[in-house]
Amino acid sequence: MATRYVSQSEDEPELEYSSSSFDEGQEDISEKGVEPYRYEPNTSEQSALEEESEGIERDLDNRLTNTKWCLCALCQVMPTTEESQCCQEISKAKITGFNEVLQCITDHPGFLSVCLDPYVLETAYYQYRQQYDQHMEDSNERRRYVAYRQFVRWCWGFMGKEVRVPLPACAVNKIRQAFPSDTYTGFKWPN
Ligand SMILES: [Zn+2]
Ligand SMILES: [Zn+2]
């Protein structure tokens with residue numbers, strides 16, 4: 001901040017005129033130096049912020065045709081904007097070591113254990129079946145469905161029923177590779 005004040009007073013002397021609006025005497029102004037500017041809105045910073053948020057919206061619109069939004073290098077183009085999320089964007093997850101060390105959450109050993117191990121998925125399915133009294137045929141579709149649920153539990157722990165979180169495209173793709181089908185539907189929570 002100090003350097004900015006210096007550069008303002010040196011490079012933009014016309015800014016000193018605005019200090020007269022504070023109705024202070026000339027002596028006070030020179031004593032306080034650049035202090036009056038503290039109360040001036042910093043228009044250049046504001047416009048920069050606006051541009052930044054517009055840029056994010058533009059980016060969201062463009063997600064359907066590319067993976068420029070992916071920071072982990074393992075996401076793919078997805079059919080909807082909602083699904084076009086990178087693990088690095090949703091990484092407020094409670095996973096120790098993720099983000100600082102790992103490029104992608106699917107590189108985490110926990111991902112393999114929790115989301116791709118068919119024995120774990122089968123066991124998790126029985127828990128789901130008991131809890132919701134819903135039956136699903138033994139299939140890759142069931143394994144994917146349970147794996148998505150497992151992923152959410154693993155990343156966010158307990159969540160309220162109404163809470164929805166985006167699944168990162170890289171994790172969805174890994175789960176689909178492990179348990180392929182002819183057709184895929186996006187992850188849906190039970191009602
Ligand atoms: Zn990614
Ligand atoms: Zn990733």
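Just so you know, all these numbers are worked out from the coordinates, no wet-lab data involved. Just so it is clear, the model here is predicted, and its values are computed rather than measured. All Cβ positions, even for glycine, are placed from backbone atoms using ideal geometry, and neighbour counts span all protein chains on display.
Here are some notes:
- Identification of helices (runs of 4 or more DSSP H) wholly contained in the stretch 102-191 with 3 or more residues that are away from ligand 1 (no atom under 16 Å from the Cβ) and closer than 23 Å to Ala73 by Cα yields 140-156.
- Evaluation of Tyr132 against the conditions (1) over 24 Å from Asp182 (Cα atoms); (2) surrounded by 15 or more Cβ atoms within 10 Å (Cβ to Cβ); (3) in contact (Cβ under 8 Å) with a residue 40 or more places away in the chain shows that the sole unmet condition is (2).
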